[in-house]
1. Would you mind stating whether residue 138 is more than 17 Å from the chain's Cα centre (by Cα), within 22 Å of residue 159 (Cβ to Cβ), part of a helix (DSSP H, G or I) and not acidic (Asp, Glu)?
2. Please find, within region 100-129, the residue that is nearest to the chain's Cα centre (by Cα) out of those that are open to solvent by less than 40 Å² (accessible area, probe 1.4 Å) and over 23 Å from residue 27 (Cα atoms).
3. Need the failing condition index for residue 7 against (1) at pLDDT 95 or above; (2) open to solvent by less than 40 Å² (accessible area, probe 1.4 Å); (3) of a type in the set (Gly, Ala, Ser), just the number.
4. Return yes or no: is residue 48 within 30 Å of residue 177 (Cα to Cα), among the polar types (S, T, N, Q) and open to solvent by 40 Å² or more (accessible area, probe 1.4 Å)?
5. Test residue 47 against the stated conditions and say whether it is β-branched (Val, Ile, Thr) and under 22 Å from residue 113 (Cβ atoms).
6. Just one of the numbered conditions (1) within 30 Å of residue 28 (Cα to Cα); (2) open to solvent by 60 Å² or more (accessible area, probe 1.4 Å); (3) in contact with a helix residue (DSSP H, G or I) (Cβ under 6 Å, 6 or more places away or on another chain) is not true of residue 132; which one?
7. Are there any pairs with C-beta distances below 6 angstrom linking a residue in region 60-85 that is in contact (Cβ under 8 Å) with a residue 12 or more places away in the chain to a residue that is of a type in the set (Ser, Thr, Tyr) and open to solvent by less than 70 Å² (accessible area, probe 1.4 Å), with the two at least 6 apart or on different chains, and if so which?
8. Looking at (1) within 27 Å of residue 30 (Cβ to Cβ); (2) surrounded by 12 or more Cβ atoms within 10 Å (Cβ to Cβ); (3) of a type outside the set (Phe, Trp, Tyr), can you tell me which one residue 69 breaks?
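The values are calculated or read from the model by the stated rules, or taken from the named source; none is laboratory data. No experiment lies behind these values; they were computed from the predicted model shown. Virtual Cβ from ideal backbone geometry, glycine too; neighbours counted across all protein chains shown. Only protein heavy atoms, including side chains, enter the accessible area calculation; ligands, DNA and RNA are left aside. Shrake-Rupley method; radii C 1.70, N 1.55, O 1.52, S 1.80 Å.
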Amino acid sequence: MVDTTTGRRERKKAQTRQALADAALRLFTERGFDNVGVREVAEAADVSLSTLFKHFPSKEALVFDLDADIESALVAAVRDRNPGQSVLHALRDHMVHTRTALRTDEPMFVLVESTPALRDYARRMWARHEKALAAALADATGLAADAPAVVGLARFALEAPGIASASEDPARTMRDVFTLLEHGWTTTPLARQEDRPGRDG
């Protein structure tokens, strides 16, 4: 028998969380992050302040409501990749499908970049994601979680969306970044040009 009560409860929680995130982004974008209090966000979402903090531990967390989902998806991309698929290709495909829609002119991006507290939070968040991704890569490859190859791939993979978001063709740029990671600088046109006879070496 399906537990419909649990299903309704989870949907209600998800709706409340989304309402809070939407209200926060609207208010922060309109008036500035520092000029809006968490109580105002709660009131705009028609919930109590205690309910807000049940869903979000801090004011900054309201802006990054997909934090846990993003981290879980990164780990799953490596852990649940198709048989025979390399971890690098699994990460590339995941990033192309999930992180190339981000644009530098979107309200959330502008808000984060213009707010020191949010930039700091984002850096801490990505550091946690990098650590979780490195652990998944270590499990998948048998290397240590602090091995340069593991840490490097985790870090570069998480930096790739920032490069792609400023591009005319984010998906292509994302693939180009991962091609560079896979094959190295020596395979790029610039490197081949540098190796031509007569170039200073």
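1. It is true that residue 138 is more than 17 Å from the chain's Cα centre (by Cα), within 22 Å of residue 159 (Cβ to Cβ), part of a helix (DSSP H, G or I) and not acidic (Asp, Glu).
2. Residue satisfying both the conditions and the ranking: 129.
3. Of (1) at pLDDT 95 or above; (2) open to solvent by less than 40 Å² (accessible area, probe 1.4 Å); (3) of a type in the set (Gly, Ala, Ser), only one is false for residue 7: (1).
4. In short, no.
5. no
6. (2)
7. Matching pairs, first to second residue: 60/121.
8. With respect to (1) within 27 Å of residue 30 (Cβ to Cβ); (2) surrounded by 12 or more Cβ atoms within 10 Å (Cβ to Cβ); (3) of a type outside the set (Phe, Trp, Tyr), residue 69 is out only on (2).
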